[in-house]
Amino acid sequence: MSNGFLHKLFDWKNFELFVKDFYSAEGDVLVEHDVTEIGKSGASRQIDVKVTQKTTLHTYTTIIECKYWKKAIERTTVDVVAASIEDLNASKGVIFTTKGYQQGAEAYAKSKNIDIFVVRDLLDKDWGSPGRNMQLYLNIVGGQMSKAHFPNAQALLIVEEKPDDMNLEISLSQENLDDEAFLLYSVKNGDAGPNLTKILSKIHNTITQNINSIVGQKNEFLDHELLVKSDVKVSFSDFDFRQLRNKFAAINLSEMTLNFVTHISRSELNIDRAGSLDYALIVQNYVSEQAHYVSRKSDSEEILVSAYKNETSTPDGASDVFVNGSTVNCFLGPWVGVDINANTRIGESSPMRLRVMEAENSLGFNIVPADG
């Protein structure tokens with residue numbers, strides 16, 4: 001069964017109308033279908049498609065022969081077009097077919113300056129990797145942290161009256177990633193450093209990517225929602241910027257513990273890249289091999305024409321070429337909550353330990369064994 005459009009859309013008449021519409025897409029030209037004219041010889045000449053372009057000083061006429069045949073075009077067909085050009089004083093002759101040309105016809109057309117074209121379906125290589133039909137998996141990955149504690153934190157009071165408590169309440173949102181109340185300072189020299197909310201945001205990203213790399217590729221979770229619960233310890237011991245300040249005290253942090261839930265929704269997507277099209281074809285010059293994509297959307301009368309680019313090789317430096325069966329990961333921000341429904345499957349990961357690191361002036365994390 002064909003995966004293309006040519007056999008579905010065209011008989012000989014519709015093939016002629018396709019060629020007519022193809023030329024009409026050029027714009028400022030008069031394109032006529034099934035025209036009969038009397039030549040200089042007095043003979044009646046039938047023209048499948050006639051294209052007329054007028055300028056201030058000249059009229060340029062192209063006559064086009066369309067052959068929706070099951071065999072290659074012979075020289076005799078080219079001879080008929082050549083005779084029509086001469087008899088009708090046409091400027092140019094063109095032939096369109098779907099099956100190619102015999103060698104003699106090709107050589108004769110070149111000698112008479114007649115352009116010959118083949119209209120064909122797109123091959124997989126023409127659609128570009130991975131072809132017309134795409135099959136991929138989509139992972140939507142989110143996470144939620146809760147019950148954050150800072151054990152062994154040391155508060156250095158800067159006021160005489162000791163406050164009843166100094167609990168930290170942090171709510172991550174797109175708006176508070178620069179909240180000055182959570183700015184961290186160096187325990188060595190007091191310099192200002194990164195914001196604790198940004199560290200939490202990066203921790204969120206690190207954990208969700210880590211859990212997704214472990215279980216996100218498993219198709220046993222396909223069309224289910226997976227929740228993975230993790231107990232996480234974050235060490236600040238190797239990080240200079242671990243001091244919070246408020247109106248009561250300077251608070252030196254050593255570690256943080258939190259509960260984390262990673263949410264993964266895995267689904268399969270099958271996409272026909274031509275599903276919204278009436279047709280998608282290639283019009284190729286049989287001699288020069290110059291080609292164009294020609295397509296039309298189902299909800300439009302507009303024909304789209306673009307130059308064909310043969311991109312069969314992998315660009316230099318490209319390491320991840322998309323192939324069918326690939327997984328596309330979409331990671332949600334830390335401010336997006338986690339929902340649980342009837343199809344949710346719940347599991348638990350091993351305890352996780354992260355160390356906050358400063359490397360080349362950028363903040364990072366090192367995941368180590370939970371007992372490390």
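Which trypsin sites (Lys or Arg not before Pro) in segment 169-264 pass both tests, a DSSP loop state and at most 14 other beta-carbon atoms within 10 Å?
Numbers: sites: Lys188, Lys198, Lys202, Lys218, Lys229, Lys233, Arg242, Arg245, Lys247; in loops: Lys188, Lys218, Lys247.
Answer by residue number: Lys188, Lys218, Lys247.
Return the label of the correct value of volume of the Cα convex hull per residue in Å³, as calculated from the structure shown, out of (i) 149; (ii) 240; (iii) 137.
(ii)
Going by how many other Cβ atoms sit within 10 Å of their own, how do Lys112, Lys125 line up, fewest first?
On the way: Lys112 15, Lys125 11.
Placing the least packed residue first, the sequence is Lys125, Lys112.
Among the listed pairs Lys20/Lys67; Lys13/Lys67; Lys20/Lys309; Lys50/Lys92; Lys188/Lys233, which have their C-alpha atoms separated by more than 19 angstrom in this model? Mind showing how you got there, number by number?
On the way: Lys20/Lys67 13 Å; Lys13/Lys67 10 Å; Lys20/Lys309 24 Å; Lys50/Lys92 10 Å; Lys188/Lys233 23 Å.
The answer is Lys20/Lys309; Lys188/Lys233.
Using the Karplus curve 6.51 cos²θ - 1.76 cosθ + 1.60 with θ = phi - 60°, what ³J(HN,Hα) values do you get for each residue of segment 80-93, in whole Hz, with x for Gly and Pro?
5, 5, 4, 5, 5, 4, 5, 5, 9, 6, 6, 7, 7, x
Which residue, Pro194, Ser237, Val261, has the largest displacement toward the positive end of the dipole of segment 155-290 when charges sit on each Cβ (Lys, Arg +1; Asp, Glu -1)?
Value computed over the given set: Ser237.
Pick out which of Asn113, Asn329, Asn205 has the largest mean-square fluctuation in a Gaussian network model of the chain, springs linking Cα atoms closer than 10 Å.
Result: Asn113 has the largest fluctuation of those listed.
Using the 10 angstrom Cβ neighbour count as an exposure proxy, how do Asp28, Asp124 rank, fewest first?
Details: Asp28 7, Asp124 12.
By the 10 Å Cβ count, ascending: Asp28, Asp124.
Given only helices, namely DSSP H runs of n ≥ 4 each adding -39500 (n - 2.57), what is the per-residue ellipticity at 222 nm of the chain, to the nearest 500 deg cm²/dmol? Please report the intermediate quantities before stating the final value.
Details: 6 runs with 64 residues, N = 372.
Taking each H run of at least 4 residues, the total per residue is -5000 deg cm²/dmol.
Taking every pair of alpha-carbon atoms in segment 6-121, give the share separated by more than 25 Å as a whole percent. Spell out each step's value before the answer.
Numbers: 1360 of 6670 pairs.
Roughly 20 percent, once rounded to a whole number.
Starting at the first residue of segment 141-154, write each ³J(HN,Hα) from the Karplus equation 6.51 cos²θ - 1.76 cosθ + 1.60 with θ = phi - 60°, in whole Hz, x for Gly and Pro.
With coefficients 6.51, -1.76 and 1.60, one gets 10, x, x, 9, 9, 8, 6, 7, 10, 10, x, 6, 5, 10 Hz.
Grab the beta carbon distance between Ser213 and Gln135, set R0 = 30 Å, and tell me the FRET efficiency rounded to 0.05. Walk me through the numbers before you get to the answer.
Details: r = 21 Å, r/R0 = 0.72.
It comes out at approximately 0.90.
Give the residues of segment 59-82 whose amide nitrogen is closer than 13 Å to a point set 7 Å from the Cα of Val35 in the direction of its Cβ.
Within reach of a label on Val35: 59-65.
Within a 10 angstrom radius of the beta carbon, how do Glu16, Glu289, Glu106, Glu74 rank from fewest other beta carbons to most?
Glu289, Glu74, Glu106, Glu16
Expressed in nm to one decimal, what extension gain is obtained for the pair Val338 and Leu304 from 0.36 nm per residue of sequence separation less their Cα-Cα distance?
Using 0.36 nm per residue and subtracting the Cα-Cα distance, I get 7.9 nm.
Throughout, read-outs are computed from the coordinates displayed, never taken from laboratory work. The shown structure was predicted, so the numbers you read here are calculated from the model rather than taken from an experiment. Please note: Cβ atoms are built from the backbone with ideal geometry, for glycine as well, and neighbour counts cover all protein chains shown.
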